[in-house]
Amino acid sequence: MRTQAEIRKGIENDEFVFFYQPKVSLITGSVTGAEALIRWIKPDGEIISPSEFIPVAEASDLIKDITYHMFDKLVKDLMLMTAVNDNIVTSFNTSAKDFEDDVFTNHLLQTLKMSGLQASNIQIELTETATLQATSDIKDHILQLRNAGLSLAMDDFGTGYSSIDTLSKLPFTTIKLDQGIVGRMLSSEKNATITSSSIRLAHELGISIIAEGVETKEQYHHLLNIGCSDVQGYWISKPLPLDQFLHFIASDFNWLVGMPVGLIHMAIVDHVQWRKNLVHELIKAASLPLGHEGRALTKIPPLSSCACRLGRWYYGAGQMFSHHRSFVEVEAPHNALHEMGQKLVSLVRDGANMDTLTSYFQELSTHSIVVLNKLQNLEDEGLADLHRK
Ligand code: C2E
Ligand code: CA
Ligand code: CA
């Protein structure tokens, strides 16, 4: 461990830099950004890892000086990265202390304004432990940054004692699945389940999830299979000095190894949930007397075929499958299904009873089965494709 005095001297001598570890989208196969990881480069060229000085700095207010000082470097580096790719999102690590007062928050917002960068180019990483330490002042400052358009990732997800509850404490936009969990996910059923439920949880919350510490092709394939959207780890690349990272993004290499079948599976689950919720609400309402407020059906899932989860996927990220026949064939029955849903809702609102509704319910199920069949075909094609790789 280094001493506080040594670290201070290092800051004065400007010996700290960021290395950048690429993040890759499993949906497009391209680099979406990086995580900035601090390195201390001594005048003799020795590189000191953060584990030798960040814990010392975090034990005092020294961490605040480091974060403040490093943010200016991050912005300068980002100005070069965005010249290569405008949409790059680079995250950096923060600790709860950084947000105790408004010094860093104000500095960040001011620097960002002068840089010409978009707030969306920057993501803040905060661990679960830090989130648990967050006082109302800390939360306010982080919220200020979220409102300014920066995204917020929960780092080391799954290592804390109650990550799920902690997620509700701040408006996180991303979960970073801890590298220990990723490293163990193929070694037991239990670990595999933790990973896939975290991915499902992020999906349900409408936030993204990135797996850290991906070291092998097997892990990469598995994550693709279970619906993870982004990855980071040695299998893609170690953290790189700025010049090498710029080369990395400029080379525009595509990491796509197969169809992201996990996302098709999520679409299937989403659809089943939509149908179940709708049918449940309709049956509940149909048993109520006419004029009862429950007949207004205020809690039903989206009735428009573009607004339900499957629809949002279909007209969004799912379009990457648009050259597959089974994908194209989902649209018509999905629209028919939603029309039937709308019909059922108006019938119930107008007072129809179960007798009248049964045949419409059957028709709804018929359309749903066709939708599921097409999605299943698409998933099978994707799985076959993955096995060929
Ligand atoms: P972290 O935020 O969890 O960062 C990920 C660490 O895992 C990095 O170590 C990275 O080099 C390493 N890593 C990435 N991919 C793989 C992989 O596939 N396999 C393995 N075994 N390791 C991988 P690094 O750079 O030594 O950073 C260690 C920790 O130091 C970070 O953990 C973070 O908590 C802290 N840290 C790094 N930079 C900063 C900083 O600028 N500010 C603050 N406050 N903390 C920082
Ligand atoms: Ca991190
Ligand atoms: Ca981490």
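Looking only at residues in the stretch 2-52 that are touching a Ser or Thr at 6+ places or on another chain (Cβ under 9 Å) and assigned to a loop (DSSP other than H, G, I, E, B), the one that is least open to solvent (accessible area, probe 1.4 Å) is L26.
For (1) open to solvent by less than 40 Å² (accessible area, probe 1.4 Å); (2) outside any helix (DSSP H, G or I); (3) assigned by TED's automatic domain parsing to the domain that holds L383, each residue gets a yes or a no:
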site: G227; (1), (2), (3): yes, yes, no
site: W235; (1), (2), (3): no, yes, no
site: V269; (1), (2), (3): no, no, yes
site: P289; (1), (2), (3): no, yes, yes
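Exactly one residue out of T129, T94, T111 is surrounded by fewer than 17 Cβ atoms within 10 Å (Cβ to Cβ) and within 13 Å of ligand 3 (Cβ to nearest atom): that is T129. Taken over the stretch 169-213, residues that are of a type outside the set (S, T, N, Q), assigned to a strand (DSSP E or B) and open to solvent by 20 Å² or more (accessible area, probe 1.4 Å) amount to 0.
For the stretch 249-259, check the following and say yes or no: at least one residue is acidic (D, E), over 30 Å from R295 (Cβ atoms) and either under 20 Å from the mean Cα position of the chain (by Cα) or open to solvent by 20 Å² or more (accessible area, probe 1.4 Å) (or both). Yes, the stretch 249-259 has at least one match. Within the stretch 225-234, one or more residues are at pLDDT below 95 and at positive phi. Report yes if some residue within the stretch 205-227 is more than 16 Å from ligand 1 (Cβ to nearest atom), closer than 30 Å to C308 by Cβ and touching a residue at least 60 places away in the same chain (Cβ under 8 Å); otherwise report no. The answer is yes; a qualifying residue exists. If the condition is being more than 15 Å from ligand 2 (Cβ to nearest atom), out of contact with any Leu (no Cβ under 8 Å at 6 or more places or on another chain) and polar (S, T, N, Q), then the stretch 117-166 contributes Q118, Q133, T135, S136, N147, S162. Is there a residue in the stretch 241-252 that is modelled with pLDDT of 90 or more, in contact with a helix residue (DSSP H, G or I) (Cβ under 6 Å, 6 or more places away or on another chain), within 30 Å of M185 (Cα to Cα) and more than 16 Å from ligand 2 (Cβ to nearest atom)? Looking for residues that are modelled with pLDDT of 90 or more, in contact with a helix residue (DSSP H, G or I) (Cβ under 6 Å, 6 or more places away or on another chain), within 30 Å of M185 (Cα to Cα) and more than 16 Å from ligand 2 (Cβ to nearest atom), one finds at least one in the stretch 241-252, hence yes.
Sub-8 Å Cβ pairs linking a first residue in the stretch 167-181 that is without any contact (Cβ under 8 Å) to a residue 24 or more places away in the chain to a second residue that is more than 9 Å from ligand 3 (Cβ to nearest atom) and among the aromatic types (F, W, Y), at least 6 apart or interchain, number zero. Screening the stretch 293-389 for helices (runs of 4 or more DSSP H) wholly inside it with 3 or more residues that are of a type outside the set (K, R) and modelled with pLDDT under 95 returns the ranges 354-388. Of the residues that make up the stretch 314-328, is at least one touching a residue at least 24 places away in the same chain (Cβ under 8 Å), surrounded by fewer than 16 Cβ atoms within 10 Å (Cβ to Cβ) and under 29 Å from the mean Cα position of the chain (by Cα)? The answer is no; no qualifying residue exists. The requirement of being within 16 Å of ligand 1 (Cβ to nearest atom), at positive phi and surrounded by 17 or more Cβ atoms within 10 Å (Cβ to Cβ) is satisfied by D156.
The values are calculated or read from the model by the stated rules, or taken from the named source; none is laboratory data. Keep in mind that what you see is a predicted model, and the values were worked out from it rather than measured. Ideal geometry is used to build each Cβ from the backbone, glycine not excepted, and the neighbour counts take in all protein chains shown. Only protein heavy atoms, including side chains, enter the accessible area calculation; ligands, DNA and RNA are left aside. Shrake-Rupley method; radii C 1.70, N 1.55, O 1.52, S 1.80 Å.
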